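Derivation of every value follows stated rules applied to the coordinates shown; laboratory data play no part. All values derive from a computational prediction rather than experimental measurement.
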Amino acid sequence: MLVKVVTLFLLGMAAMAMVFKHLNSRKRLTKTGTCPRCGRHRIGNGPCPCGAAQKKV
């Protein structure tokens, strides 16, 4: 009886994992914004540090 309970629990967990994996795959993040000059990932709305450094020179 205990083996049946453990087997059903594991099958239920595997089924839930497949369902949540399928649901989560649709909500992927889009490609993050990168700087056109240096290719760094941009965080926020401020200027990229590479552009700020080039303006000072």
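Here are some notes:
- Taken one residue at a time, the phi angles of the stretch 5-18 give Karplus couplings (6.51, -1.76, 1.60, θ = phi - 60°) of 5, 5, 5, 5, 4, 5, 5, x, 5, 5, 5, 5, 5, 5 Hz. Gly and Pro are set to x.
- Coupling constants for the stretch 33-42 follow from the phi torsions by the Karplus curve (6.51 cos²θ - 1.76 cosθ + 1.60, θ = phi - 60°), and in residue order they are x, 10, 6, x, 7, 9, x, 6, 6, 9 Hz; glycine and proline get x.
- Other-chain or far-sequence residues with amide H under 5 Å of G33's (modelled H): R42
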